[in-house]
Amino acid sequence: MRIAALTQQNTAFTAQNDQTPQNKPKTADTNPISAGGERKVLIAGTFVTGLVASATLLLRLFFESEHSIQVLAKTSKELVDKKGAIKSVPKRYLAYAAGAVGLFGAVTAGLALIYTAFKAPNIVYNGKVNAFTKGKEMDVYIQGNKAETSLYEQIGEKAKTAGKGEKQELAKQYLQIKAAQNKVPNFVNQ
């Protein structure tokens, strides 16, 4: 054990074990699938679905009822006039339109958040299920890659000391392994 110097560290003394490195390099043979990552994908998809559904419903409401358009216009006019900083008429009308679009967007986003919160238990469950199934597929793929790499290394070692006839047989084996390569999991976009 040794004491590390003060250079570029937040603490004065840190213990480091000389036998094992503190920062091991991450290998490509680890499974990148996690339940948290799957949940993030499901949350994003649910939120986008909520945005589309709520925007569709609000637009239907606005086109079917003149009262809702009047309420939106009145509210945006009140918000813009409350500030009172815009004096020119064209800029004020532009601010009214921007306020109406902003209110529409805020209501749409709020409804999408409510929809996402309503679907949260389903998202947590499906995230775990998806992570489990994709993780198993990825584990099989990683193990297949390890076996394939091992076979290539064995053929390479044999080829170093092989005679001419053996090299032809090893070339056939190499081509057979190359033809039967490991299948990429279905969820990986190619």
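For this structure, a couple of remarks:
- Neighbours by Cβ (under 8 Å, 6+ apart or cross-chain): first from the stretch 75-96, within 24 Å of residue 107 (Cβ to Cβ); second assigned to a loop (DSSP other than H, G, I, E, B): 80/86; 92/86; 95/86
- Some residue of the stretch 65-72 being modelled with pLDDT of 85 or more and surrounded by 13 or more Cβ atoms within 10 Å (Cβ to Cβ): yes
- Of the candidates 108, 133, 149, the single residue that is among the hydroxyl-bearing types (Ser, Thr, Tyr), in a helix (DSSP H, G or I) and farther than 30 Å from residue 177 by Cβ is 108.
- Scanning the stretch 153-183 for residues that are surrounded by 12 or more Cβ atoms within 10 Å (Cβ to Cβ) and under 30 Å from residue 138 (Cβ atoms) yields a count of 6.
The values are calculated or read from the model by the stated rules, or taken from the named source; none is laboratory data. All figures in this text were calculated on a predicted structure; none of them were measured in a lab. Note: ideal-geometry Cβ built from the backbone for every residue, glycine included; neighbour counts use all protein chains shown.
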